[in-house]
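Heads up, the thing below is written out as structure tokens.
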Amino acid sequence: MSKDWPQDLSIPEKRRSLVMPGGGGRGAFQVGVAKALFEAGIKFEYAFGTSIGALNATFLAQGDIKRLEEIWCNLRAWNIFKLPSAQQLGRMIMGRKLGMLDTSPLEELLRKEADLHRIKESEMKVRLVSTDLCSLETRLINLEDVATSAELVDVLMATSAVPIAFPPRQLQGHGLWVDGGLVRNTPLRAAIDYGAEEIFMVLLHPETVNVCPANMWQLIARCLDVVLDASARKELELAQLHQRLIAEGAEEAKGMRPVRIEVIQPSKPVDLNLLEIDPERSRALIKQGYEDACAHLEKLYKEKVYAP
């Protein structure tokens with residue numbers, strides 16, 4: 001699975017950002033998209049991520065997309081979480097445990113695979129989103145400011161802590177930090193504020209969705225989908241307002257720069273909810289992401305955005 005792009009392809013040097021929202025097991029789609037973009041020679045100054053998008057962005061910054069693809073192609077749900085034991089359920093009911101699932105497998109994976117040194121040395125800077133349930137603060141976390149590998153794991157566990165399903169995480173001994181997708185699943189505005197001239201945003205749901213939940217787990221996942229989708233659409237609306245104000249020469253747009261926003265999302269339905277993770281489906285999603293990204297790039301070439 002490899003696309004032969006023109007050898008003399010000239011891609012403009014721009015301040016370019018990659019925005020990767022959450023979506024659980026569908027995150028494999030982002031790996032395929034990133035693979036196509038990197039093969040085309042597109043480089044990013046920043047990567048902004050939430051939840052699974054944050055984890056993908058972090059591993060992409062480590063500079064080994066092949067390893068990220070290998071992880072996804074061997075990943076199963078029990079490599080991320082375990083169903084609670086009777087004792088854990090009791091602790092949750094008594095208020096001593098704030099998540100339905102045991103996420104120790106994910107923590108073990110991150111301790112093994114996340115490399116703080118490589119992240120700090122990366123040319124692509126990473127910003128992750130997390131929300132504190134105590135103060136209601138939503139924070140954009142700069143991984144360059146993370147001091148230790150243990151702190152890095154805390155940050156990654158926090159940004160991927162799906163509320164109710166996964167337990168929240170303290171950061172530097174404070175708060176109860178969870179998946180920032182509740183507030184800012186698609187940190188598009190942050191990319192604009194950081195001066196991006198071109199943004200590739202990789203969504204994890206198709207434009208139209210019509211899937212009815214059939215059990216309690218699917219119901220929980222579907223409710224989270226509603227929140228995440230609403231957050232993404234709100235970010236897009238803000239970006240469109242930004243562009244319109246600039247085009248109209250509005251007073252409040254003084255000092256703003258125009259931004260080109262390319263949205264890549266699944267071209268066909270994704271039969272996978274947030275908590276489903278399976279190697280066969282992940283391989284299919286990586287392939288779909290790669291093909292959808294290639295189709296999007298070919299469209300840009302035809303429009304002379306990138307001129308061979």
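The values are calculated or read from the model by the stated rules, or taken from the named source; none is laboratory data. None of the values given here were measured: they were computed from a predicted structure. For neighbour counting, all protein chains shown are included, and Cβ atoms are generated from backbone atoms with ideal geometry for every residue, glycine included. Accessible surface is based on the protein model in full, side chains and every heavy atom, while ligands, DNA and RNA are left aside. Shrake-Rupley method; radii C 1.70, N 1.55, O 1.52, S 1.80 Å.
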**Prompt:** For Arg260 and Lys287 in one chain, what is 0.36 nm times their gap in residues minus the Cα-Cα distance, to one decimal in nm?
**Reply:** 7.2 nm
**Complete:** Of 195-202, 42-49, 140-147, ordering from highest average Cβ density within 10 Å down gives 42-49, 195-202, 140-147
**Request:** Skip the ligands, DNA and RNA, and give the accessible area per residue of the chain with a 1.4 Å probe, whole Å².
**Result:** 49
**Asked** Taking all protein chains as present, what is the carbon and sulfur share of the accessible area of the chain, in % to the nearest whole number, probe 1.4 Å?
**Response** 53
**Added length on full extension, which subtracts the Cα-Cα distance from 0.36 nm per residue, Val227 to Glu197** = 8.0 nm
**Request:** Counting helices only, and only those DSSP H runs with n ≥ 4, report the 222 nm mean residue ellipticity of the chain as the sum of -39,500 (n - 2.57) divided by its residues, in deg cm²/dmol to the nearest 500.
**Result:** -13500 deg cm²/dmol
**Request:** Mind ranking 31-39, 233-241 by how tightly packed they are, going by the mean number of other C-beta atoms within 10 angstrom, highest first?
**Result:** 31-39, 233-241
**Prompt:** Using a cut-off of 21 Å between alpha-carbon atoms, which lysines can reach Lys66, once sequence neighbours fewer than 8 places away in the same chain are excluded?
**Reply:** Lys3, Lys35, Lys43, Lys112, Lys120, Lys125, Lys287
**Prompt:** Which whole-Hz couplings ³J(HN,Hα) result when phi for each residue of the stretch 60-70 is put into the Karplus expression 6.51 cos²θ - 1.76 cosθ + 1.60, θ = phi - 60°, listed in order with x for Gly and Pro?
**Reply:** 5, 5, 6, x, 9, 5, 4, 5, 4, 5, 4
**Förster radius 25 Å - calculated FRET efficiency between Arg76 and Lys14, Cβ distance, rounded to 0.05** = 0.05
**Fill in**
In whole µm²/s, the translational diffusion coefficient that Stokes-Einstein assigns to the stretch 105-207, given a Kirkwood hydrodynamic radius over C-alpha pairs, 37 °C and 0.692 mPa s, equals 225
**Prompt:** For Arg15, which sequence-distant residues (separation of 5 or more, or a different chain) have an amide H within less than 5 Å of its own amide H, given hydrogens modelled in the peptide plane?
**Reply:** Glu197, Glu198
